[in-house]
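*Asks:* Here it is, the structure in full.
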Amino acid sequence: MPADIQRFMQQFYPELLPTPFNDFVSGAERSDLWRVLVLHKLGGVYADMDVQCLKPIDQWNADHSHDAAVLLGVENYDAGRQHPLHVVNWVLAAAPGHPLLGSMPGVVARAVQRQFFELARSAGAVLHRPAYTNGIIDRTGPAALSTAAYEYLSNAAGVNMSTITYSNVTSPAGLLAGGVRLLPVDLMASGWEVAEARKQGRNYTCDDLAREKPDALVCHMFWGSWRDSWSFGQEQTYNEEC
């Protein structure tokens, strides 16, 4: 683990050391949690290495006079699911100290405990690498962040999430509550088109996506290098900066 990350954790979140932070098997888990903790403590913008910025950061949420302390991209919302809200964690923007981000350690702790006992109860379960890797999304990744967002909006912001529809969170304005603005997929969760085209051998880039979706803020290329079984085998290049 890089020394600066360890120093940050020791200074600001010593209660998470050594367990669970140092005990995570995968660096992806530490990265998932660390990015949220940095934004909780310092504020700022986080983006994965395979995210291309399509609009300058100072234009994000400018149409609403920068009225939110946290910006989250909604990838999907399905009221029929147990956890209907699905936000992305590969790009995040936040002012420091927001309680939604501060709740993530508790969400992660519950997920780790739940998955441990689920594996323990499975017949002949062995904690092998694919099983562990496949659970990262739920333990520390976007599913965990989605749970934190859903619980914050429901409990702290007073949003009746049972009345929220897909159209509420996919309209251009998204949804604002409790200082959090959920932005629709076309603005802050785009990029699957690029990944699908790459798998199919078609030439479709983030520049193409920007022309088709002129309001998009970012484009995620979904290299998926953290996953053992998910690699597109493409040279990783870097493009425009925000």
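The values are calculated or read from the model by the stated rules, or taken from the named source; none is laboratory data. On a predicted model such as this, the values are computed, not experimentally measured, just so you know. When we count neighbours, we look across all protein chains shown, and the Cβ atoms used for this are built from the backbone with ideal geometry, even at glycine.
*Asks:* Somewhere in the stretch 166-174, is a residue modelled with pLDDT of 90 or more, of a type in the set (Ser, Thr, Tyr), within 20 Å of Val91 (Cα to Cα) and within 20 Å of the chain's Cα centre (by Cα)?
*Replies:* Initial filter on the stretch 166-174 (modelled with pLDDT of 90 or more): none.
No: the stretch 166-174 contains no residue that is modelled with pLDDT of 90 or more, of a type in the set (Ser, Thr, Tyr), within 20 Å of Val91 (Cα to Cα) and within 20 Å of the chain's Cα centre (by Cα).
*Asks:* Still on this structure, please answer the following. For the stretch 122-131, which positions are basic (Lys, Arg) and either assigned to a loop (DSSP other than H, G, I, E, B) or modelled with pLDDT of 65 or more (or both)?
*Replies:* Step one: list which residues in the stretch 122-131 are basic (Lys, Arg), which gives 129.
Hits for the stretch 122-131: nothing passes.
*Asks:* OK, next. Which one of the conditions (1) loosely packed, with under 14 Cβ neighbours inside 10 Å; (2) closer than 23 Å to Leu16 by Cα; (3) at pLDDT below 95 does Gly97 fail to meet, given that it meets all the rest?
*Replies:* Condition not satisfied by Gly97: (3).
*Asks:* Among the residues that make up the stretch 39-50, is at least one of them in contact with a helix residue (DSSP H, G or I) (Cβ under 8 Å, 6 or more places away or on another chain), more than 22 Å from Val194 (Cα to Cα) and either in a loop (DSSP other than H, G, I, E, B) or of a type in the set (A, V, I, L, M) (or both)?
*Replies:* First pass over the stretch 39-50, keeping only residues in contact with a helix residue (DSSP H, G or I) (Cβ under 8 Å, 6 or more places away or on another chain): 39-41, 44-46.
Right, trim to more than 22 Å from Val194 (Cα to Cα) and you get 39-41, 44-45.
Adding the requirement that they be either in a loop (DSSP other than H, G, I, E, B) or of a type in the set (A, V, I, L, M) (or both) leaves 39, 45.
Yes, the stretch 39-50 has at least one match.
*Asks:* Moving to a separate point now. For the stretch 184-199, check the following and say yes or no: at least one residue is under 21 Å from the mean Cα position of the chain (by Cα), of a type in the set (Ser, Thr, Tyr) and either surrounded by fewer than 18 Cβ atoms within 10 Å (Cβ to Cβ) or within 24 Å of Asp50 (Cα to Cα) (or both). Quick ask: steps written out before the conclusion?
*Replies:* First, the residues of the stretch 184-199 that are under 21 Å from the mean Cα position of the chain (by Cα): 184-196.
Filter once more, keeping what is of a type in the set (Ser, Thr, Tyr): 190.
Next, from what is left, pick out any that are either surrounded by fewer than 18 Cβ atoms within 10 Å (Cβ to Cβ) or within 24 Å of Asp50 (Cα to Cα) (or both): 190.
Yes, because at least one residue in the stretch 184-199 is under 21 Å from the mean Cα position of the chain (by Cα), of a type in the set (Ser, Thr, Tyr) and either surrounded by fewer than 18 Cβ atoms within 10 Å (Cβ to Cβ) or within 24 Å of Asp50 (Cα to Cα) (or both).
*Asks:* Can you find, within the stretch 100-114, the residue that is modelled with the lowest pLDDT among those that are surrounded by 16 or more Cβ atoms within 10 Å (Cβ to Cβ) and within 11 Å of Ala144 (Cβ to Cβ)?
*Replies:* Val112
*Asks:* Would you call Phe24 in a helix (DSSP H, G or I) and of a type in the set (Phe, Trp, Tyr)?
*Replies:* Values: in a helix (DSSP H, G or I): no; of a type in the set (Phe, Trp, Tyr): yes.
No: the conditions fail for Phe24.
*Asks:* A further question on this structure: Do you know which residues across the stretch 56-67 are part of a loop (DSSP other than H, G, I, E, B), out of contact with any Asp or Glu (no Cβ under 8 Å at 6 or more places or on another chain) and more than 17 Å from Asn89 (Cα to Cα)?
*Replies:* The first filter runs over the stretch 56-67 and keeps only residues part of a loop (DSSP other than H, G, I, E, B), leaving 56, 60-61, 65-67.
Filter once more, so that each one left must be out of contact with any Asp or Glu (no Cβ under 8 Å at 6 or more places or on another chain): 56, 60, 65-67.
Answer for the stretch 56-67, where residues must be part of a loop (DSSP other than H, G, I, E, B), out of contact with any Asp or Glu (no Cβ under 8 Å at 6 or more places or on another chain) and more than 17 Å from Asn89 (Cα to Cα): Pro56, Ser65, His66, Asp67.
*Asks:* Output the qualifying pairs, or none if there are none: Cβ atoms under 7 angstrom, residues six or more apart or on different chains, first residue in the stretch 147-167 and more than 27 Å from Ile136 (Cβ to Cβ), second residue part of a helix (DSSP H, G or I) and of a type outside the set (Val, Ile, Thr).
*Replies:* Close Cβ pairs (under 7 Å, with a partner that is part of a helix (DSSP H, G or I) and of a type outside the set (Val, Ile, Thr)) amount to Val159/Leu153.
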